[in-house]
Amino acid sequence: MSAPVRSWGRVLETRQAAGDTFWIEVDCPRIAAQARPGQFVMLGTGLGDVAAPFLPRPFSIGAREADGRLGFLVRVFGAGTRRLSAVNPGDELLILGPLGRSFSLPADRPIVCLAGGVGLAPFLFVGADARLEKRDVRIVYGERTGDRVFDPELIRRITGVEPDLRTEDGSLGRRGLVIDDLDLDDQPQLLACGPDPMLRACADLALRHGLPLQVSVEEHMGCGVGTCQGCVVLSAAGEWIKSCTEGPVFDARELA
Ligand SMILES: Cc1cc2nc3c(=O)[nH]c(=O)nc-3n(C[C@H](O)[C@H](O)[C@H](O)COP(=O)(O)OP(=O)(O)OC[C@H]3O[C@@H](n4cnc5c(N)ncnc54)[C@H](O)[C@@H]3O)c2cc1C
Ligand code: FES
């Protein structure tokens, strides 16, 4: 894996993709050239941003185009994501990446992505790459309510995949969870990204069906490069491991 790069990237396009969720495209060829699906970057506006200085935050790489463009899904949680959601074309973002371990996709199985909330982001990249390689990929995407659903038309544009939408209140797509009523007869490779309870449910599902599962965890991260210890997760062997450098993608059997 090549070394991460710190680079300024110019914002090319932003759009609101759901009530509190934005899609931001940035010109950043040096990082785009190395990025692999499942990796993330630390994204910030730099300490010179007098409007709202904040430490860079981790974001999955949601898209990588041949022209050097990167795409990020940003959902507003606090001050940092609120500031990022307000950037405009022409603004510069400070980007460190690509970071972490990517998904490892076996050639002999179809791929089923199980996405909860902002856990959709890495699967936009997985879907687009799989389409280029003519791989069979399905994206099952769940949110609590319909107003949080990332624009399905944009998902189709980025990935070429028709998402299988689920909402807990049934206001958009099928009512239910991403693990409900799945057709797994073709023995797919499962990939999952979302909140911890969802990842546990996906691990149970994989065990019940004897299917391989890789999960991408979303622990809080201070540095993204292995120095602050802010991102540790418990391994199956009972050891604390850093999700920024050992993950964020793990074989589910590696984790407690
Ligand atoms: C590897 C990785 C990839 C990610 N990819 C994306 C992405 O593609 N799109 C996206 O919108 N978000 C993503 N996130 C989450 C994103 O990094 C956080 O939402 C962001 O750091 C919050 O910053 P803030 O300054 O807005 O909020 P803060 O002020 O830092 O926090 C606001 C609130 O959110 C809570 N919070 C912050 N981070 C997390 C977290 N990781 N998990 C649970 N609660 C949290 C805080 O405890 C606090 O209550 C990712 C996180 C990781 C670790
Ligand atoms: S985020 Fe600092 S060690 Fe992982």
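Computed over the chain, the per-residue total of -39500 (n - 2.57) for DSSP H runs of n ≥ 4 gives a 222 nm mean residue ellipticity of -5000 deg cm²/dmol, rounded to 500.
About its Cα centre, the dipole of region 152-214 is roughly 160 debye, where the only charges are +1 on Lys and Arg Cβ and -1 on Asp and Glu Cβ.
Highest mean first, the peptides 242-255, 77-90 sorted by other C-beta atoms within 10 Å per residue fall in the order 242-255, 77-90.
Counting 0.36 nm for each residue step from residue 108 to residue 174 and taking away their Cα separation leaves a gain of 20.8 nm.
Both radii are taken from the alpha-carbon atoms of the chain; with Rh as the Kirkwood radius, Rg/Rh is 0.94.
Short-range pairs are left out: with C-alpha atoms under 8 Å and at least six residues apart, the relative contact order of the chain is 18 percent.
Distance from the alpha carbon centroid of region 1-27 to that of region 169-198 works out to 27 angstrom. Using 0.36 nm per residue and subtracting the Cα-Cα separation, the extra length available between residue 229 and residue 6 on full extension is 78.2 nm. Considering only DSSP beta bridges where both residues belong to the chain, give the percentage that are antiparallel (nearest 5). Just about 65 percent of them are antiparallel.
Its residue count N sets the reference 2.2 N^0.38 Å, and the alpha-carbon radius of gyration of region 5-99 equals 0.96 times that reference.
All of the numbers you see were taken from the coordinates with simple rules; none came from a lab. Treat the numbers as computed from the prediction; the structure is a model and nothing was measured. Using ideal geometry, Cβ is built from the backbone for each residue, glycine included, and neighbour counts are taken over all protein chains shown.
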